[in-house]
Amino acid sequence: MIRGKVLSVRWWLTISLWFFLPAACQTTPLEIEIENQSSLPICEVYISPQHQADFGENQLPEGEMISGGARRSFTLEAGEYDLLVRTCSEETVYSEAKINQNRQVLIGGEGKFPFRVTNQTGHEICYLYITQTEEWGEDHLGKVESILPGSVRLFFLAPAFYHARALDCNENVLGEIQNVNLVDSFDWVISP
């Protein structure tokens, strides 16, 4: 009698584990949606596991782009990812680190103007601060990217007065501007 009860308990546990364990081990995929509300076509989207040293391959097939007004979704396995988005002119327009849940990324948007930063120095820009106040706040490159010599980074900002500061990787100031009245697109060329 006891042996029959032990077998029925084992049978129930075996069936339960066989049925419920695969469902518990399945993870929900992560989705990143990029919506382009700018006039600039996007040709490069890099999504890499957070622990990876580089961004790897472009996730947009050759010849494809995300035009202004269009959107594109990328479905990934659950995990933590870094994201880098660039225009067809190789201008970076978005980056973010450690994405571990669904994310909707808006590039541009109504009432926002391009604030273009061009690095014409011989140094890599590792820290970039753009603010409306006297405090510098957070680094806008977010420890995900840098602006190499000859490269461009583009931000979409609401109309306002801005201060900006660019620093190299040793935190030396490469350029600083004050009281930029952003009412249209603005180009800041940082030169030696």
Checklist entry - Hey, does segment 124-137 have a residue that's on the phi > 0 side of the Ramachandran plot and under 17 Å from the mean Cα position of the chain (by Cα)? => result no
Checklist entry - Within the set of pairs 6+ apart or on separate chains, which have a first residue in segment 166-184 that is without any contact (Cβ under 8 Å) to a residue 60 or more places away in the chain, a second that is surrounded by 10 or more Cβ atoms within 10 Å (Cβ to Cβ) and of a type in the set (D, E, K, R), and C-beta atoms under 7 Å apart? => result ASP168/GLU124; CYS169/GLU124; VAL173/ARG165; LEU174/ASP168; GLU176/ARG165
Checklist entry - Does ILE147 count as modelled with pLDDT of 95 or more, buried (at least 20 other Cβ atoms within 10 Å of the Cβ) and out of contact with any Lys or Arg (no Cβ under 7 Å at 6 or more places or on another chain)? => result no
Next on the checklist: Can you confirm whether TYR94 is outside the structural domain of ILE47 (by TED's automatic domain parsing) and either assigned to a strand (DSSP E or B) or in contact with a helix residue (DSSP H, G or I) (Cβ under 8 Å, 6 or more places away or on another chain) (or both)?
Outcome noted: no
Next on the checklist: Take the residues in segment 32-69 that are at pLDDT 95 or above and among the acidic types (Asp, Glu); name whichever of them is surrounded by the most Cβ atoms within 10 Å (Cβ to Cβ).
Outcome noted: GLU44
Checklist entry - Counting just the residues of segment 89-100 that are surrounded by fewer than 17 Cβ atoms within 10 Å (Cβ to Cβ) and more than 10 Å from the chain's Cα centre (by Cα), which one comes out nearest to LEU40 (Cα to Cα)? => result SER89
Next on the checklist: Here is a list: GLU145, GLU110, GLU138, GLU171. Which entry is more than 27 Å from PHE55 (Cβ to Cβ) and among the acidic types (Asp, Glu)?
Outcome noted: GLU110
Checklist entry - Within the group ARG72, ARG103, ARG86, which residue is basic (Lys, Arg), surrounded by 12 or more Cβ atoms within 10 Å (Cβ to Cβ) and under 29 Å from TRP188 (Cα atoms)? => result ARG86
Item to check | Scope segment 119-138; condition in contact (Cβ under 8 Å) with a residue 40 or more places away in the chain, buried (at least 18 other Cβ atoms within 10 Å of the Cβ) and either of a type in the set (Gly, Ala, Ser) or not in a loop (DSSP other than H, G, I, E, B) (or both); matching residues | outcome: ASN119, ILE125, CYS126, TYR127
Checklist entry - Before we move on, is PHE115 in a strand (DSSP E or B) and more than 17 Å from the chain's Cα centre (by Cα)? => result yes
Next on the checklist: Condition first: closer than 27 Å to PRO114 by Cα and touching a Gly at 6+ places or on another chain (Cβ under 8 Å). Can you find one or more residues in segment 69-80 that meet it?
Outcome noted: no
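The values are calculated or read from the model by the stated rules, or taken from the named source; none is laboratory data. Fair warning: this is a prediction, and the values are worked out from it, not measured in the lab. Cβ sites come from the backbone with ideal geometry, for glycine too, and all protein chains shown count toward neighbours.
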